[in-house]
1. Give the residue that is surrounded by the most Cβ atoms within 10 Å (Cβ to Cβ), with candidates limited to residues of the range A:477-491 that are assigned to a helix (DSSP H, G or I) and more than 9 Å from chain B (Cβ to nearest Cβ).
2. Taking B:SER12 and the conditions (1) within 24 Å of B:SER260 (Cβ to Cβ); (2) of a type in the set (S, T, N, Q); (3) in contact with a Gly (Cβ under 9 Å, 6 or more places away or on another chain), which numbered condition does it fall short on, given that it satisfies the others?
3. Out of (1) under 26 Å from B:LEU308 (Cβ atoms); (2) away from chain B (no Cβ under 14 Å); (3) at pLDDT 90 or above, the odd one out for A:MET384 is which?
4. Mind checking whether some residue in the range B:258-269 is of a type in the set (Gly, Ala, Ser), within 13 Å of chain A (Cβ to nearest Cβ) and farther than 22 Å from B:THR19 by Cβ?
5. Which of the residues spanning the range A:230-285 are in contact (Cβ under 8 Å) with a residue 24 or more places away in the chain, under 30 Å from A:TRP487 (Cβ atoms) and surrounded by 11 or more Cβ atoms within 10 Å (Cβ to Cβ)?
6. Just one of the numbered conditions (1) in contact (Cβ under 8 Å) with a residue 60 or more places away in the chain; (2) within 14 Å of chain A (Cβ to nearest Cβ); (3) among the aliphatic types (A, V, I, L, M) is not true of B:LEU14; which one?
7. Could you please find all residues in the range B:203-227 being loosely packed, with under 15 Cβ neighbours inside 10 Å and of a type outside the set (A, V, I, L, M, F, W, C)?
Amino acid sequence: MADEKDIKNAPEKKEEYSLNDDRRVKVLSPGAMVAKRFFRNRLAVVGLIMLAAMFLFSFLGGVLIPYREDEQFYTTTEMQKDYVNATRNDTYRITAADGQEVGAVLKNTINLAAIQGDEEFTYKDVTYKNVNEGDGLYSVYSGDTLIAVAAKDIINVEAGQEEQPFDVRYNALLTYVKGGGSFTSGGVEYAVDEDGNLSQNGTVLAYISRFVVTAAATDINPSRDFKERLEEALVDEEGNVRPDSEFVYADSDGTEHTYNVVYDPSKLVWAIKQSTATDVFDIYSYPSFQHPLGTDKNGMDIMTRLMYGGRVSLIIGFIVVIIETVLGVIMGGIAGYFGGWVDNLIMRLVDIFYCIPSMPILIILGSAMDNMNVDPQIRMLLLMLLLGFLGWAGIARLVRGQILSLREQEFMTATEACGIRASRRIFRHLIPNVMPQLIVNCTMGLGSTIIMEATLSFLGLGVKFPFASWGNIISDVNDSYVMTTYWFVWIPAGICLLIAVLGFNFVGDGLRDAFDPKMKR
Amino acid sequence: MRNFIIKRLLLSVLILFCTTFIIYATMRCLPTSYVEQMAIRLSSAPNAKPYSEWLEQLNASYGLDSDIFTGYVTWLKDFAVGNFGDSWKYTVPVMDKFVDSVGISFIMGVITMILELVISIPLGIIAATKQYSKADYAISAGALIGISLPTFFFATILKLIFAVKLQWFDTHGMVGRNYAQLDSWGQFLDVAHHMVLPIITITIVSIGGLMRYTRTNMLEVLNADYIRTARAKGLSEKKVIYSHAFRNTLIPLVTIVGGSLPGLFSGALITETLFAINGIGYVSYQAMVAGDIPFSMFYMTFIALLTLLGNLISDILYAVVDPRVRVA
């Protein structure tokens, strides 16, 4: 590298040199030789292209793509939500008269009598009279006292009105079954029309109907009009149930809503469902123009996640390898240069670090951090430090080995003779000679670090949501439904990972061959 | 030679002490609330002892109530007499669980190792003898792809193809649904059938390293002077490669293979976890994630021990196989 005698410095014009002129010989610097050998290696060039592609994809792609890393997308779906339930009352409801006590057994007996149409029945040695007042209405007397009323019709109190006393309700029912009219109760005149409206001075207080409509949620208040229309839609004039259909109703604003009606004959209940448009996260949507690789379980664009994930994976790889190399070179350099007890001490330290099972330690620390809810950003930082700290031993060993042999060479004796200080001798003269092996080692190390990080993230113990990393994108396959159905969630991430790691390994391998002076070509 | 071995052994013991101390210190550095959480969890189990008693017991059993050195010595004493404590997750003695699970890992390891040797050594030799040929490129690229494949991704792809699409294998587990109804031969076949995908995964992922190692060493040997001599003598190329070159390549191969023998017991953590094989790897993964300190401590010490043993074996083998390094 130092004695560069490149062809570029030669004069442009081709002169005739004598046969033994040095300028006739094209001299390449060692660097150029390495480059030449490197580019001859097809695998290495392929690796270089792969790496360039991945870097562009991660770093430039993230800038170009319009979405943010954690942007969630929504989609609208029609959801059938329960609106109201309707039922037609075909059983008698027994209401006790004012001041009367009707026990449960007596109620049952009354019900039975009403169904059978008995005019008299006995309960506990008391004989009751059961008077049929009209369709679905019985008055129960004990002697001349009114005990209870059995009615199929139900009085629904209008919104904003209070419930009427028993006497009013009883009279209203009586009037209704007779086809309408008016009655007086407590000195007040009430009127009941054919449709069952109970009114006082023209104010509708309540209405009588056999149709019961209950709201499915507290915030639904079906109007009277709605209920009547619904009844018409559900039951025909003769009281037969119409087949399931859709029910269209225009509310007070004039907007039409369509309701789905489902009749359950076993329970005699209609379920009226309203289809409403609901915003939901666009999860696991298939690849489309907006999302070239679809969306993931959080409704985030997978392409964008891959780009940002690539950044995280590559940056973590680089930082870890830098930490490893700095530590390894310092420790290895000192050990190799000084030798003796320093060397012994550092090498035993290296042995110890070789022995520490790093994967189990990372798993334990990762799950401990899970328990303590450590902030994802701090986690990422700790992960890098840990990976770097656990991985320097190999590099230290390599550097030391190289330096041990270099130290004995003449140029080192020369530096010593020149009186250059120790740190300068190590870092200026020894380390540069270790560079080739170091570069190869780091390149290959990048690949394995990225795999390590991806494995941890895959297990859910490395880079955590909301940050993306190739590993944690793939971790969705832990749900076997995702694995079998949504290939676009995890296969692209795996391919990115493979390409990046393969790129580093191809380039590293090519560099190893290129740096090797024994190479034949 | 004996002095060399003794020296290495003593050194290994020292390194083991230091390593276990670091592991112990890491465990100690976990926030104390961790043990408290564990105690809460243990005491909330039905018919369990009250919280304070659990806390006391947990602290006492790991020497957490004393300072770090005394605690380490306490742990070490227990460890030395083979008392590894009870696993928190499995609620059985650590040793029982270990003995249960290590067998299957070892069997898988042995099969993988044999496959690895049978496949990678011949391929490595072919690549070296035909350097720069198409075969060499293909083998080198294949080896690098094997090294670069993330285990979890490759295993999932295999599962998708062979278990989900082709339905040849189950995606998870060691035994099939009707395992209990099979006779002993059928049970053996059933387990073997469930081992196929995991073994393929481990083999493919680990094959590359040995293949490249063989190739590099073979190339080095082929450039040596004695090979030139052999060729100059007029020996057939076959004889040169298989009896002169290969024998010399065996030196580094034997040392590296010997060194990896203890690793057969360590289990394949990721693969076993993905295929839910109850080997030592998966069992200890579950223990570690659950914060089972006794089992994790034991497992990590075990792995450290295996690594040391591996280094020791390869050092000694190197000295045995290669007479040139027998000076020490």
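The values are calculated or read from the model by the stated rules, or taken from the named source; none is laboratory data. Keep in mind that this is a model prediction, so the values were computed, not measured. Don't worry about glycine lacking a Cβ; one is built from the backbone with ideal geometry, like all the others, and counts go over all protein chains shown.
1. From the range A:477-491, those assigned to a helix (DSSP H, G or I) are A:477-478, A:480-485, A:487-491; that's our starting set.
Going one step further and asking which of them are more than 9 Å from chain B (Cβ to nearest Cβ), we end up with A:478, A:481-482, A:485, A:488-489.
On the way: A:ASN478: 15, A:TYR481: 10, A:VAL482: 17, A:THR485: 12, A:PHE488: 20, A:VAL489: 23.
My answer is A:VAL489.
2. (3)
3. Every listed condition holds for A:MET384 apart from (1).
4. As a first pass, look at the range B:258-269 and keep what is of a type in the set (Gly, Ala, Ser): B:258-260, B:263, B:266-268.
Among the residues that remain, those that are also within 13 Å of chain A (Cβ to nearest Cβ) are: B:259, B:263, B:266-268.
So of that shortlist, the ones also farther than 22 Å from B:THR19 by Cβ come out as none.
No, the range B:258-269 contains no residue that is of a type in the set (Gly, Ala, Ser), within 13 Å of chain A (Cβ to nearest Cβ) and farther than 22 Å from B:THR19 by Cβ.
5. A:THR278, A:VAL280, A:PHE281, A:ASP282, A:TYR284, A:SER285
6. Tallying (1) in contact (Cβ under 8 Å) with a residue 60 or more places away in the chain; (2) within 14 Å of chain A (Cβ to nearest Cβ); (3) among the aliphatic types (A, V, I, L, M), B:LEU14 fails exactly one: (1).
7. Of the range B:203-227, the ones loosely packed, with under 15 Cβ neighbours inside 10 Å are B:223-226.
Result: B:ASN223, B:ASP225, B:TYR226.
Yes or no, residue by residue, for (1) more than 11 Å from every other protein chain (Cβ to nearest Cβ); (2) within 26 Å of the chain's Cα centre (by Cα); (3) exposed (fewer than 15 other Cβ atoms within 10 Å of the Cβ):
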{"residue": "B:GLY103", "(1), (2), (3)": "yes, yes, yes"}
{"residue": "B:LEU115", "(1), (2), (3)": "yes, yes, no"}
{"residue": "B:VAL118", "(1), (2), (3)": "yes, yes, yes"}
{"residue": "B:ILE126", "(1), (2), (3)": "yes, no, no"}
{"residue": "B:ALA155", "(1), (2), (3)": "no, yes, no"}
{"residue": "B:ALA163", "(1), (2), (3)": "no, yes, no"}
{"residue": "B:TYR179", "(1), (2), (3)": "yes, no, yes"}
{"residue": "B:THR201", "(1), (2), (3)": "yes, yes, no"}
